[in-house]
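Structure, as structure tokens:
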Amino acid sequence: MESQVVSAPPGRPALSPPQKIGEVARRSGLTVKTIRFYCDEGLILPISRSEGGYRLFDESVFAELSLIRTLRAMELPLSDVSQILEARRSGVCTCSELKARISSKAGEVGEKIEALQGLQSELIGMLERWEACGGRAPDPGPAVLVGTAR
């Protein structure tokens, strides 16, 4: 039997039942392989395992996966993502550090945008100055008649 009964503490609403990795993948839009990788790297933590050995997750995994996606989109290394998640779980605020990293990444993105806009301007300029080569179409060569007399 792989299902578990989860009862809520007195005075708190019942929690949703633990979800297997496939359901988490489906709801999050990530692959099972990605979620396993995040587990293996310690970025997300299953709340338990079923009797069959399946990793089980609660609803909090979706907020963590969302944060991981955001931080990875900023191209932060996994070690930084891990530190941020650990600090978040421990309740130790790293707001100033995270804000500094985001600000730095925003600056990098701005620099990339400027460089790409410069490249775009160069390419448009090349097209505007483009001159036809003035040549003529290549000569197809002598005509060969097929099936003529022997």
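Under the condition of being more than 10 Å from Asp58 (Cα to Cα) and among the β-branched types (Val, Ile, Thr), which residue from region 1-30 is modelled with the highest pLDDT? In this case the residue turns out to be Ile21.
Filtering region 77-99 for residues that are at pLDDT below 80, within 28 Å of Lys33 (Cα to Cα) and not assigned by TED's automatic domain parsing to the domain that holds Ser28 leaves a non-empty set. Scanning region 21-71 for residues that are assigned to a loop (DSSP other than H, G, I, E, B) and over 18 Å from Arg89 (Cα atoms), we see that the one that is farthest from the chain's Cα centre (by Cα) is Glu51.
The values are calculated or read from the model by the stated rules, or taken from the named source; none is laboratory data. What you are looking at is a predicted structure, and each value in this text was computed from that prediction instead of being measured.
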